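Engineer: Before we start, here is the structure in question, set down as structure tokens.
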Amino acid sequence: MRRNILAYKAPTNNEGYDLICIHPDPRKAAKHKPVCIQVKSRYATDSDRGFPVKERTFGAFDFLIVVFLNIGDYFGKNPDCTAGRRDPEFYTFPGWFIKKHHNKKSSGEKVMLRTLNIEKYKNDKGFELIAEALGIEYPARP
């Protein structure tokens, strides 16, 4: 993973998180608890910017990363789904953010992002939150 964070895939069919992240220095890893991350993805560029999260999994993850792959527009009348392609976007949300914006009354218990200001969680800014939680300093030359 970026930022020198050691990331490992969680066991298959493990409910609540998909990745386990630890500090790369074993002497410092003992001082920080591992970080559990749930991952969600959406492939369509024109998705509703929402994703399902079950309330029962809230205690299992520290962060949730949603990846908008943006491979094309799928919901319009254009038969060519390559229209609308863009670079992927990664958003790293702390668990409290997911709890705050979770709508358990929606179908699939969704978190909707379309109307929220989420720039501070985007791409490297979001990954930095994980590095901070693990106490990993930004790499520098000796």
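Engineer: Taking the conditions exactly as written (aromatic (Phe, Trp, Tyr) and assigned to a loop (DSSP other than H, G, I, E, B)), does TYR74 satisfy them or not?
Structural biologist: Working: aromatic (Phe, Trp, Tyr): yes; assigned to a loop (DSSP other than H, G, I, E, B): yes.
It is true that TYR74 is aromatic (Phe, Trp, Tyr) and assigned to a loop (DSSP other than H, G, I, E, B).
Engineer: Please identify the pairs in which a residue from region 37-54 that is at negative phi and part of a strand (DSSP E or B) has its Cβ atom under 7 Å from the Cβ atom of a residue that is among the small types (Gly, Ala, Ser) and modelled with pLDDT under 95, counting only partners at least 6 apart or on another chain.
Structural biologist: GLN38/GLY16; PRO52/GLY108
Engineer: Same structure again: Among the residues that make up region 127-134, is at least one of them touching an Asp or Glu at 6+ places or on another chain (Cβ under 7 Å), in contact (Cβ under 8 Å) with a residue 40 or more places away in the chain, more than 21 Å from ALA44 (Cα to Cα) and surrounded by 15 or more Cβ atoms within 10 Å (Cβ to Cβ)? Before you say what the answer is, go through the steps one by one.
Structural biologist: Here is the first cut: in region 127-134, the residues touching an Asp or Glu at 6+ places or on another chain (Cβ under 7 Å) are 133.
Okay, now just the ones that are also in contact (Cβ under 8 Å) with a residue 40 or more places away in the chain, so 133.
Still in the list and also more than 21 Å from ALA44 (Cα to Cα): 133.
If we keep only those that are surrounded by 15 or more Cβ atoms within 10 Å (Cβ to Cβ) too, we end up with 133.
Yes, region 127-134 contains a residue that is touching an Asp or Glu at 6+ places or on another chain (Cβ under 7 Å), in contact (Cβ under 8 Å) with a residue 40 or more places away in the chain, more than 21 Å from ALA44 (Cα to Cα) and surrounded by 15 or more Cβ atoms within 10 Å (Cβ to Cβ).
Engineer: Just give me the residues in region 5-29 being in contact with an Asp or Glu (Cβ under 9 Å, 6 or more places away or on another chain) and within 13 Å of LEU134 (Cα to Cα), in sequence order.
Structural biologist: Narrowing region 5-29 to residues in contact with an Asp or Glu (Cβ under 9 Å, 6 or more places away or on another chain): 9-10, 17, 21.
Passing the criteria: only CYS21.
Engineer: Looking only at residues that are assigned to a loop (DSSP other than H, G, I, E, B), modelled with pLDDT of 90 or more and out of contact with any helix residue (DSSP H, G or I) (no Cβ under 7 Å at 6 or more places or on another chain) in region 13-29, which one is nearest to LYS54 (Cα to Cα)?
Structural biologist: Just the residues of region 13-29 that are assigned to a loop (DSSP other than H, G, I, E, B), to begin with: 13-18, 23-25.
Next cut, modelled with pLDDT of 90 or more only: 16-18, 23-25.
Retained after the next criterion (residues that are out of contact with any helix residue (DSSP H, G or I) (no Cβ under 7 Å at 6 or more places or on another chain)): 18, 25.
Numbers: ASP18: 14, ASP25: 33 Å.
Per the stated criteria, the residue is ASP18.
Engineer: Could you figure out which of (1) closer than 25 Å to ASN14 by Cβ; (2) among the acidic types (Asp, Glu); (3) part of a loop (DSSP other than H, G, I, E, B) isn't true of ASP80?
Structural biologist: For ASP80, the failing item is (1).
Engineer: Going through PHE51, PHE93, PHE58, PHE97 one at a time, which residue ends up being at pLDDT 90 or above, touching a helix residue (DSSP H, G or I) at 6+ places or on another chain (Cβ under 7 Å) and over 18 Å from LEU134 (Cα atoms)? If you could, list the steps in order and put the result at the bottom.
Structural biologist: On the way: PHE51 fails: touching a helix residue (DSSP H, G or I) at 6+ places or on another chain (Cβ under 7 Å); PHE93 fails: over 18 Å from LEU134 (Cα atoms); PHE97 fails: touching a helix residue (DSSP H, G or I) at 6+ places or on another chain (Cβ under 7 Å).
So the residue among PHE51, PHE93, PHE58, PHE97 that is at pLDDT 90 or above, touching a helix residue (DSSP H, G or I) at 6+ places or on another chain (Cβ under 7 Å) and over 18 Å from LEU134 (Cα atoms) is PHE58.
Engineer: Let me ask something else about it. Among the residues of region 4-36, which ones are touching a residue at least 40 places away in the same chain (Cβ under 8 Å), aromatic (Phe, Trp, Tyr) and surrounded by fewer than 18 Cβ atoms within 10 Å (Cβ to Cβ)?
Structural biologist: Across region 4-36, there are no qualifying residues.
Engineer: Still on this structure, I have one more. Tell me yes or no: at least one residue of region 111-127 is closer than 22 Å to ILE20 by Cβ and hydroxyl-bearing (Ser, Thr, Tyr).
Structural biologist: Looking through region 111-127, at least one residue is closer than 22 Å to ILE20 by Cβ and hydroxyl-bearing (Ser, Thr, Tyr).
Engineer: Turning to a different aspect of this structure: Given ARG85, ARG42, which one is more than 20 Å from ASP18 (Cβ to Cβ), modelled with pLDDT under 95 and of a type in the set (D, E, K, R)? Explain how you work it out, then say what you get.
Structural biologist: Numbers: ARG42 fails: more than 20 Å from ASP18 (Cβ to Cβ).
Exactly one of ARG85, ARG42 is more than 20 Å from ASP18 (Cβ to Cβ), modelled with pLDDT under 95 and of a type in the set (D, E, K, R), namely ARG85.
The values are calculated or read from the model by the stated rules, or taken from the named source; none is laboratory data. Fair warning: this is a prediction, and the values are worked out from it, not measured in the lab. Quick reminder, even Gly has a Cβ in these numbers, built from the backbone with ideal geometry, and neighbours come from all protein chains shown.
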